[in-house]
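In what follows, a single structure is set out as structure tokens and then discussed.
The values are calculated or read from the model by the stated rules, or taken from the named source; none is laboratory data. Small disclaimer: the values here were computed from a predicted structure and weren't measured. A quick note on method: Cβ atoms are made from the backbone with ideal geometry, for glycine too, and the neighbour counts reach across all protein chains shown.
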Amino acid sequence: MMRRALDWWSGHPQLADALLAALACAYLLVEVPYSDHTIADPGSLPVTFWGDLLAYASLALRRRFLVPVLALVWTLWIAGGRWDIWAEWNASWSELSTPTALMFMLYSGGRWTSSTWPVVFLAGTSLPAIVTVAAMWAGPPPFPVPAPPGDLFAVSFVTGAAAWGLGRLRRSESDAVARAAAQAEESKTQAALAEERIRIARELHDILAHNVSAMVIQSTAAGAALLSDDKAEAGAAVEAIGHAGRTALAELRLLLGVLREGPMQPQPGVEAIREMTEWLPIEVRLLVEGQTRQVPPDLGLAAYRIVQESLTNTLKHAGKDANAEVTLRYTDEGLRIRVTDDGIGGRKTNTMGHGLIGMRERAEKFGGTARGEPLPEGGFMVEATLRWA
């Protein structure tokens, strides 16, 4: 309950200050006339009462016009002649006198502003002590001053300094919390930017590596077909090159469009895997097992890229004479992907380098795993699991 009240107070500073001023003024208007037995004759109320009422009414604007309100309260304190702040504060809970309001405003000055004016008015609380000491040395001043207490009003400055120092301490704590929050937000932003850079790099790698590899392999096949005067084979290779180029351009435009304005059309998903296997220059068999279901777009894109990268590596390392098999298995836990090739063209390496790293990153994003390894009978196998959200 107390925490909720403090949160409300912090979230509505102007309203909270107005409420504080209203409560203080209402208390003064009820308590002082009754305690002084002047309720029937308001004109007999002491002048200082009206100064107290004005001081507390001004607190409604203490954060909006902090320095003017502090100047007003300090002036009322000086004019009221109750200079022993410590004694008045301890004895004035029944009337909320101006010295108490001055302490509150000195605290507010330390808490809410970095201006030097609160320090000036804090120094001004030592004026009664200076006047008293001067009177002791040079005789009484031409205007009446209260009889000094034993401490010559020195405690007034100490009390005001304690209030201002408490405000400064609270300001320092708030600034430290704000800096920590800003640093945490900056770290979060930088982490998000780093993750976004990795995602863009991964997308570019998958788009370019797959399609360019297919174009290079098909251009080699087209060259060989032209040398052997096999126009049909050369035509098929050129058509495949055009398809790969158009696919690369379309996916790059989509990626750049996402970066500029957000997604404007669906990105490739699980349903696009069949089309990809049909135009590749290698023989690819696609198997779908289990009860199919609607796949979220992000997960579908990850599945498409994993299959794309696996078949790209088959093209690069096994050649266009290799055979591959893609299995998509729908389970209760997630989508399982298995891509194998027979390695007929012969692999130069048993690793997939950055391609496998990208697959693992995509799988881990969905709480799954990805791995690749050579098969005992030859060829290569990639397995990945993407869990449903």
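Condition check ((1) within 16 Å of HIS205 (Cβ to Cβ); (2) out of contact with any Pro (no Cβ under 6 Å at 6 or more places or on another chain); (3) of a type in the set (Asp, Glu)) across all residues:
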residue	(1), (2), (3)
PRO297	no, yes, no
LEU311	yes, yes, no
ASP321	no, yes, yes
GLY334	no, yes, no
ILE337	no, yes, no
THR340	no, yes, no
GLY343	no, yes, no
ALA384	no, yes, no
When ALA244 is run through (1) surrounded by 17 or more Cβ atoms within 10 Å (Cβ to Cβ); (2) hydrophobic (A, V, I, L, M, F, W, C); (3) more than 14 Å from THR312 (Cα to Cα), the failure sits at (3)
Residue set SER108, SER92; condition at pLDDT below 85, assigned by TED's automatic domain parsing to the domain that holds PRO46 and among the polar types (S, T, N, Q); output residue SER92
The one condition ASP229 fails out of (1) under 18 Å from ALA302 (Cα atoms); (2) not in a helix (DSSP H, G or I) is (1)
Pairs returned, first residue in the stretch 119-134 that is at negative phi and modelled with pLDDT under 85, second residue that is outside any helix (DSSP H, G or I) and of a type in the set (A, V, I, L, M), beta-carbon separation under 8 angstrom, 6 or more apart or interchain, are ALA129/LEU152; VAL131/VAL145; THR132/VAL145; THR132/LEU152; VAL133/LEU152
Scanning the stretch 268-320 residue by residue, the ones that are more than 26 Å from GLY367 (Cβ to Cβ), part of a helix (DSSP H, G or I) and in contact with a helix residue (DSSP H, G or I) (Cβ under 7 Å, 6 or more places away or on another chain) total 3
Within the stretch 169-185, the residues that are touching a Gly at 6+ places or on another chain (Cβ under 9 Å) and basic (Lys, Arg) are ARG170, ARG171
Within the stretch 174-204, of all residues that are among the charged types (D, E, K, R) and loosely packed, with under 11 Cβ neighbours inside 10 Å, the one farthest from LYS365 (Cα to Cα) is ARG179
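Every residue, every condition in (1) under 16 Å from LEU328 (Cβ atoms); (2) at pLDDT 85 or above; (3) surrounded by fewer than 17 Cβ atoms within 10 Å (Cβ to Cβ), yes or no:
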{"site": "GLY262", "(1), (2), (3)": "no, no, yes"}
{"site": "MET276", "(1), (2), (3)": "yes, no, no"}
{"site": "ARG285", "(1), (2), (3)": "yes, yes, yes"}
{"site": "THR292", "(1), (2), (3)": "yes, yes, yes"}
{"site": "ILE306", "(1), (2), (3)": "yes, yes, no"}
